[in-house]
Amino acid sequence: MQPGFLRAFYYGGQSLQLKRSALELETVELVPVGAGPGASAIERKNPFLHFVAAWRWFLIFVGAPTVLAAIYLFAIAADRYEAESKFIVRNPSLGTSSLSGLMQEVGGAGMTNDAYIVHAYMRSRDALKVLVSQAGLLERLNRPEADFLWRYPSFLFKQSQEHLWKHFNRFLTIDYDQTTGISTLRVQAFRPDDAKIITEVLLGSAETLVNHISARAQGDAVATAAQTVEDSRLNAQDAVNKITEFRKKNRMIDPGKISASALDTITQLSLDIAKTKAELAELTSSSPDSPQATSLQRRIAAINDQIAQERRLLAGSDQSLAPLIAEYEMLTLNREFAERTFASAQSALELARIEASRQQIFLENISSPTAPDYPIYPRRLLQLIGVFALCSLAYAIGRKLVLEVLAHAER
């Protein structure tokens with residue numbers, strides 16, 4: 001390094017040399033590389049080598065990656081075709097009368113959750129197993145025209161279930177419109193028919209899942225109500241059986257009716273006593289010594305004995321009807337409660353069946369997948385521009401950092 005100069009470094013096609021005095025930076029001189037004392041004679045005579053030397057860092061960090069990307073994109077990368085399908089997950093109980101109303105209703109929270117369940121299934125390992133068994137996914141991912149970055153298996157993705165799942169998700173895209181509730185499924189493949197077949201099998205598997213979820217939800221709701229009906233039926237049957245056992249044991253159909261009959265008898269006997277006493281009083285007043293008076297007195301005593309016997313039958317002895325009536329009334333009450341519970345359970349079962357039919361969800365295709373006419377991926381020119389832009393940005397940032405560090409170090 002010459003005395004009085006700090007450092008020389010390349011700045012594009014020129015060499016920037018800094019010189020300063022003891023206190024501050026005095027001059028900044030731009031000197032062409034080829035004209036400097038350090039430039040070789042070969043570089044001065046050969047413009048190409050002069051260009052390479054001047055721009056070597058740019059060529060290394062920007063040019064080389066761009067060239068490699070261009071070689072891959074235009075000479076190696078295989079064409080990938082994309083099949084697209086649109087579908088909705090809807091509930092017929094929404095009761096919409098127009099397509100626009102249906103879309104608005106489908107966009108609700110319930111349908112959003114249902115759609116996300118379908119999306120999660122399509123990205124799941126269970127769906128992958130279906131595609132492997134029904135769509136021949138392994139063969140379709142290993143086509144001869146596939147390139148080394150997208151083929152499976154490859155040096156990037158070894159042959160395993162986990163690697164296969166991760167690799168297939170590179171081919172799968174699912175979008176969801178919150179406003180309309182429409183889901184868009186896109187599947188890439190190396191051949192048009194492969195993309196169409198994989199999409200169809202994946203949609204069919206998702207529809208099977210939706211039907212299974214609906215059937216299980218319906219079955220659970222109806223099964224719970226049906227079990228309640230069965231339990232209430234058994235309770236009602238048990239109440240009836242207990243009443244039958246009571247009747248067989250006590251040899252009476254209804255103790256309440258027997259007690260009512262006994263009460264009627266007591267009432268009738270009381271009327272007979274009153275009538276007989278009236279006759280006795282009349283006879284005594286008219287013929288005190290009449291022999292009929294003794295007969296009437298005996299009749300009154302007999303009626304009193306009969307009334308006492310009827311009353312003992314109702315209550316007042318171990319063989320009375322009072323405890324039987326209480327037991328029978330409790331059995332009757334239990335039977336009525338069980339019958340009402342059974343009737344209520346039957347109504348609940350019918351309501352559960354109606355509600356289950358209303359809550360069933362469906363997966364309906366809006367547009368079925370078709371074999372694409374031309375490959376969409378890779379987007380060669382766009383990706384190449386992206387590589388160049390990213391490398392240029394990284395180079396510019398790195399060069400600026402180096403300049404700042406060197407300038408700071410010489411202060």
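At a glance:
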quantity: Full-extension gain in nm, I366 to I243, via 0.36 nm per residue minus C-alpha separation; calculated: 38.0 nm
quantity: Under 5 Å, built H, 5+ apart or other chain: amide partners of T370; calculated: E84
quantity: Theoretical gain in end-to-end length, T332 to M252 [0.36 nm per residue, Cα-Cα removed]; calculated: 27.4 nm
quantity: In nm, spacing of pseudo-spin labels at L138 and Q159 (7 Å Cα→C-beta vector); calculated: 0.6 nm
quantity: Extension reserve of the Q178-L59 stretch, reckoned as 0.36 nm per residue once the Cα distance is removed; calculated: 38.2 nm
quantity: Spin-label pair L406/I354, simplified geometry with 7 Å Cα→Cβ offset, distance in nm; calculated: 8.6 nm
quantity: Cα→Cβ-extended label distance, 7 Å offset, between A75 and I376, nm; calculated: 2.9 nm
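Readers should treat all values here as calculations from the given coordinates under stated rules, not as data from a laboratory. Here the structure is a predicted model, which is why all the values come from computation and not from measurement. Note: ideal-geometry Cβ built from the backbone for every residue, glycine included; neighbour counts use all protein chains shown.
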